[in-house]
Structure formats: C-alpha cells, structure tokens
C-alpha cells in the first residue's frame, strides 16, 4: 500500500487555473505508487470558520467536517497547492485548514504554488511554510513554483512548453523529499507515540 497523500486546493474562483497543478500532482504522485486524493476546498464547502472540528461535541460536527477530519487523520502526508492573492494565501484554503489542528500533527507537508505571472505564487508559498509549521506539520524544503500557470499546464494538467518541462524536472526532487519525510514520520510513530 502506498503513502496516503491528501492534495489540498483552495481557489473558489469560477475560472480556476490552479486546479491544473492540483490535478498534475495527484496524477504524478499516484504514478509513483501513492494513494493521492484531491481535497478541493470549494467542493468540500465548509462555512467561514465559526467553530473548529474539535469544538463540536462528539458526533455533532457537520458531515463534511467529520468526513474531512477522518481523511486528514488517516493521511500520511499533505500537499498544499496555493495561489497568491495580494502577496498572501488564498482565503478558501486557509479557511479549510483552520477548521482543524491536532488532526494535522506529526505529518509532513509540501507546498506547491502558482500564479498567472512569473513569480509563481512564491510569496504565498512562503507564508504557508510558517502557517503549516505552526499547525504541527513538518514542512519540506523542496517546493514547486509554477508560473505562468497557463503556459505551464494545459486544461487537463498536462505539462506544456518550457515551463512544463521545468515542472517535470522539479517534480522528482519535490516528491522524493516528501516521500523521505513521510517514511521518517511513519517509522517514528511506530517506535514512539507523539509527545502530545
């Protein structure tokens, strides 16, 4: 059985281009033997944060929240696909992650950013590094930065042009880094329970 990896994507826009990168990652991680699953914040449809999952009495959380909590707890690793809005993270993805806390602990996370321009969402990716670390994840040092996204991936998430070739070259290191930390975390949890 391969590593269980959740790929989170958070744009709510009607003409979303970042979904191409999310689809690419699910496809390539699956091809490497992982059990990769896309978690699309828009499809999950959580409301703006009022109450975290842990703040509901047991068995009373909304079904979408309960289902996602189970997926997060069952995952070995996470990938966060983020666009950049005004130098910062997308609100849809941030809202989804903030519904949980302990569910994220003691697993690695990797960040893939994108934008329509050449800066490729790196400022949002940098912001996510601190956010995910604070939420109890080990954030890998290897990242992907894709931009301009429309000239890097076609509508089906297939790499195109020079940008697509660069993405293909960078993906191996990105995936290897995540796999190494995933294996390390799994082995450590076998040897010793997390401290809290």
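Screening residue 163 on (1) crowded, with 19+ Cβ neighbours inside 10 Å; (2) within 17 Å of residue 82 (Cβ to Cβ); (3) in contact with a helix residue (DSSP H, G or I) (Cβ under 7 Å, 6 or more places away or on another chain) shows it passes everything except condition (2).
Going by what's in this entry, would residue 131 be described as in contact with a helix residue (DSSP H, G or I) (Cβ under 8 Å, 6 or more places away or on another chain) and either free of Cβ contacts under 8 Å to residues at least 24 places away in the same chain or assigned to a strand (DSSP E or B) (or both)? So residue 131 fails the test. Here residue 81 does not fit the description of being under 26 Å from residue 30 (Cα atoms) and surrounded by fewer than 21 Cβ atoms within 10 Å (Cβ to Cβ). Test residue 120 against the criterion of being farther than 28 Å from residue 65 by Cα, assigned to a loop (DSSP other than H, G, I, E, B) and touching a strand residue (DSSP E or B) at 6+ places or on another chain (Cβ under 8 Å), and give yes or no. Yes, satisfied.
Taken together, the residues in region 167-196 that are in contact with a strand residue (DSSP E or B) (Cβ under 9 Å, 6 or more places away or on another chain), farther than 29 Å from residue 101 by Cα and without any contact (Cβ under 8 Å) to a residue 24 or more places away in the chain amount to 1.
Against the criterion of being touching a strand residue (DSSP E or B) at 6+ places or on another chain (Cβ under 9 Å), within 28 Å of residue 61 (Cα to Cα), surrounded by fewer than 22 Cβ atoms within 10 Å (Cβ to Cβ) and modelled with pLDDT of 95 or more, residue 95 does not qualify. Mind listing whichever residues of region 52-68 are under 13 Å from residue 98 (Cβ atoms) and either crowded, with 17+ Cβ neighbours inside 10 Å or touching a helix residue (DSSP H, G or I) at 6+ places or on another chain (Cβ under 9 Å) (or both)? The answer is 52, 53, 54, 65, 68. Criterion applied to 164, 125, 147 was being at pLDDT below 95, under 22 Å from residue 27 (Cα atoms) and in contact with a strand residue (DSSP E or B) (Cβ under 8 Å, 6 or more places away or on another chain), and the one residue passing it is 147. Residue check: is residue 179 farther than 20 Å from residue 75 by Cβ and either in a loop (DSSP other than H, G, I, E, B) or at pLDDT 95 or above (or both)? It is false that residue 179 is farther than 20 Å from residue 75 by Cβ and either in a loop (DSSP other than H, G, I, E, B) or at pLDDT 95 or above (or both).
Would you confirm whether any residue within region 15-24 is modelled with pLDDT of 95 or more, loosely packed, with under 13 Cβ neighbours inside 10 Å and out of contact with any helix residue (DSSP H, G or I) (no Cβ under 8 Å at 6 or more places or on another chain)? There is no residue in region 15-24 that is modelled with pLDDT of 95 or more, loosely packed, with under 13 Cβ neighbours inside 10 Å and out of contact with any helix residue (DSSP H, G or I) (no Cβ under 8 Å at 6 or more places or on another chain). Annotation note: of 119, 132, the sole residue that is over 16 Å from residue 22 (Cβ atoms) and surrounded by fewer than 18 Cβ atoms within 10 Å (Cβ to Cβ) is 119. Considering region 1-85, the qualifying helices (runs of 4 or more DSSP H), each wholly inside and each with 2 or more residues that are in contact with a strand residue (DSSP E or B) (Cβ under 7 Å, 6 or more places away or on another chain), in contact (Cβ under 8 Å) with a residue 60 or more places away in the chain and within 30 Å of residue 194 (Cβ to Cβ), run over 19-31, 63-74.
The values are calculated or read from the model by the stated rules, or taken from the named source; none is laboratory data. Here the structure is a predicted model, which means the values were calculated and not measured. So basically every Cβ, Gly included, is an ideal-geometry build from the backbone, and we count neighbours across all protein chains shown.
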